[in-house]
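Step one of this worksheet: look at the structure below.
The values are calculated or read from the model by the stated rules, or taken from the named source; none is laboratory data. Remember, predicted model here, so these are calculated numbers, not experimental data. Here the Cβ positions follow ideal geometry from the backbone for every residue, glycine too, while neighbour counts run over all protein chains shown. Ligands, DNA and RNA are excluded from the accessible area calculation, which covers all protein heavy atoms including side chains. Shrake-Rupley method; radii C 1.70, N 1.55, O 1.52, S 1.80 Å.
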Amino acid sequence: MNANGQPSGVTHKGKVLIIYTGGTFGMVYDTSDNLLKPYDFQNIVDYFPEIKKLNLEIRFVSLSKIIDSSNIELENWQELGEIIEKNYHDYDGFIIIHGTDTMAYSASALSFMLTNLAKPVIFTGAQLPVSELRSDARDNFITALEIASSKTEGTATVQEVCIYFNNFLLRGNRAKKVESAHFDAFESPNYPPLAQSGINIDYFYNNLVIRPKGEFKVLYGFEARVAVVKLYPGINEIYVKHILQLPHLKGLILETFGSGNAPSFSWFTSIIKNAIDNGVVVYNVSQCYKGHVNQNRYETGRHLLEVGVVSGDNITTEAAITKMMHLLANESDLMKIKTLLAQNIKGELG
Ligand code: ASP
């Protein structure tokens, strides 16, 4: 064992499926309007002849439509789930090449969707297209390949959905895109990295999820009828009322101040209470980058607790939205949905 609790016997060997969805990684400049657009590779591996040196069998598939990830839809997550389900037993690991804009949402969505996952599913991408000389695509992709094929004492080192980017492996449902210009695009503000690459790839074994596993399955449902309200000083009654009266609204993420606080004006509390009484699930996520929601600290938090708002603890907004979409579609009992929202189910909070 080394200082990170890393056992000896880490090997890279096996079969990896690469799923290409689009994103800057593989984009090209369209000379007609000078804009970056997704490019439909036949085989991205042709760009990396050096991967032949890795002792790996690699297959490449694309989503049925290659996209800029700002156009991602729930159906794209379902298609990713179908590809992984169909190939689950034939591969040791999966890489999803994805645009960075919504990578944290997609990684969160898949973390909830893939049940009893015992293999690595590694999202990666790039800030500069692979065709550019200074592109970060090569480093991100090759290290992601090593991670997706890594075995420790015979079993997959990583058994969860992650993002590998700019030398760090992060839990997918803890990550956020924090940078649009430099290469360090992702951070995981409330959970430490799972691995760091340098001369070696150091896995932080104590941070990895290893759960008792049942049979792998994919839960495809996502409920789209959810909304997000970000609080701000001056937010007005008509705006909040309109959102909460959207027909068939099932869930609301309230992006609150500090440790989960919201205006305690009677109009605000009463709109939230009415929505909850009518069956809308309201989830409290802080606008703070770090820290926890605590609805029992201030009067401005307590009124939310009293009307039945569920605390999101230290969950990211990206994970909160996808967790809510997932639970609302796959569970029918409202009490159970609220209980699971408050609990850590896939390493996303706590
Ligand atoms: N707009 C691009 C996308 O998300 C940005 C990127 O890939 O980094 O697809």
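Give the accessible surface of the chain per residue, rounded to a whole number of Å², with probe radius 1.4 Å and ligands, DNA and RNA excluded. Don't skip to the answer; put the middle values down first.
Working: 15780 Å² over 350 residues.
On a per-residue basis, 45 Å².
Starting from the Cα of Gln196, step 7 Å along the direction of its Cβ; do the same at Asn296; then give the gap between the two resulting points in nm.
3.6 nm
Compute the length gained on full extension between Tyr239 and Asp277: take 0.36 nm times their separation in residues and subtract their Cα-Cα distance, giving the result in nm to one decimal. Could the numbers behind the result be given before it?
Values: separation 38, 0.36 × 38 = 13.68 nm, distance 1.94 nm.
Additional length available on full extension: 11.7 nm.
Using R₀ = 56 Å, calculate the FRET efficiency as 1/(1 + (r/R₀)^6) where r is the Cβ-Cβ separation of His89 and Ser266; round to 0.05.
0.45
May I ask you to give the percent of accessible area on the stretch 1-115 that is carbon plus sulfur, with a probe radius of 1.4 Å?
Carbon and sulfur: 47 percent of the exposed surface of the stretch 1-115.
With r defined as the distance between the Cβ atoms of Lys15 and Glu331 and R0 fixed at 25 Å, what FRET efficiency is calculated, to the nearest 0.05? Could you put the intermediate results ahead of the total?
On the way: r = 34 Å, r/R0 = 1.37.
E(calc), rounded to 0.05, equals 0.15.
Could you give the length gained on full extension between Glu50 and Leu35, defined as 0.36 nm per residue of separation minus the Cα-Cα distance, in nm? Walk me through the intermediate numbers first.
Details: separation 15, 0.36 × 15 = 5.40 nm, distance 2.97 nm.
Here the answer is 2.4 nm.
At 37 °C and 0.692 mPa s, what whole-number value in µm²/s does Stokes-Einstein give for the translational diffusion of the stretch 283-323, with Rh from the Kirkwood sum over Cα pairs? Could the numbers behind the result be given before it?
Details: Rh = 10.4 Å.
Stokes-Einstein gives a translational diffusion coefficient of 314 µm²/s.
What whole-number distance in Å separates the alpha-carbon centres of the stretch 29-101 and the stretch 290-350?
First find each Cα centre; the distance between them is then 32 Å.
Given q = 0.13 Å⁻¹, what are the Debye log10 I(q)/I(0) values for the stretch 203-350, with equal point scatterers placed on the Cα positions and solvent ignored?
Taking Cα atoms of the stretch 203-350 as identical point scatterers yields -0.58.
Name the residues of the stretch 85-128 whose amide N is less than 13 Å from a point 7 angstrom out from the Cα of Tyr289 along the C-beta direction?
No residue qualifies, since no backbone N sits under 13 Å from the label point.
Can you tell me, using C-alpha contacts under 8 Å and at least 6 residues apart, the relative contact order of the chain as a whole percent?
The normalised contact order for the chain reaches 15 percent.
In nm, to one decimal, how far is the modelled label at Val307 from the one at Arg134, with both set 7 Å along Cα→Cβ?
Distance between the two pseudo-spin positions: 5.0 nm.
Would you mind checking Lys290/Lys336; Lys176/Lys346; Lys217/Lys346; Lys241/Lys290 for any pair whose Cα atoms are more than 25 angstrom apart? Present the calculation step by step, with values, prior to reporting the outcome.
Values: Lys290/Lys336 27 Å; Lys176/Lys346 16 Å; Lys217/Lys346 14 Å; Lys241/Lys290 29 Å.
Where the Cα-Cα span goes over 25 Å, the pairs concerned are Lys290/Lys336; Lys241/Lys290.
If I build a Gaussian network model for the chain, linking alpha-carbon pairs within less than 10 angstrom, which residue out of Lys177, Lys65, Lys250 has the largest mean-square fluctuation?
Its mean-square fluctuation being the largest, the pick is Lys65.
At q = 0.11, 0.20 Å⁻¹, work out log10 I(q)/I(0) for the stretch 70-183 with the Debye formula, treating every Cα as an identical point scatterer and leaving solvent out; two decimals please.
Cα-only, vacuum Debye calculation for the stretch 70-183: -0.33, -1.09.
Over the chain, with a Gaussian network built from C-alpha contacts below 10 Å, which listed residue (Ser62, Ser111, Ser180) shows the highest mean-square fluctuation?
Ser180
Given Cα pairs under 8 Å that are at least 6 residues apart, what percent is the relative contact order of the stretch 103-182?
39 percent
Output needed for the stretch 1-124: three equivalent-ellipsoid semi-axes, defined as square roots of 5 times the C-alpha gyration tensor eigenvalues, in descending order, whole Å.
They are 27, 19, 14 Å, listed from largest to smallest.
Quick check of the Kirkwood formula: for the stretch 118-210, what is the inverse mean of 1/r over all pairs of different Cα atoms, in Å?
13.4 Å
Of all alpha-carbon pairs in the chain, indicate the percentage at a distance above 24 angstrom. All intermediate terms of the calculation are to be shown ahead of the outcome.
Details: 34772 of 61075 pairs.
In whole percent, the share of Cα-Cα pairs in the chain beyond 24 Å is 57.
Just going by the charge dipole of the chain, with Lys and Arg at +1 and Asp and Glu at -1 on Cβ, which of Ile58, Val309, Ile147 is farthest out on the positive end?
Towards the positive end, the residue furthest out is Val309.
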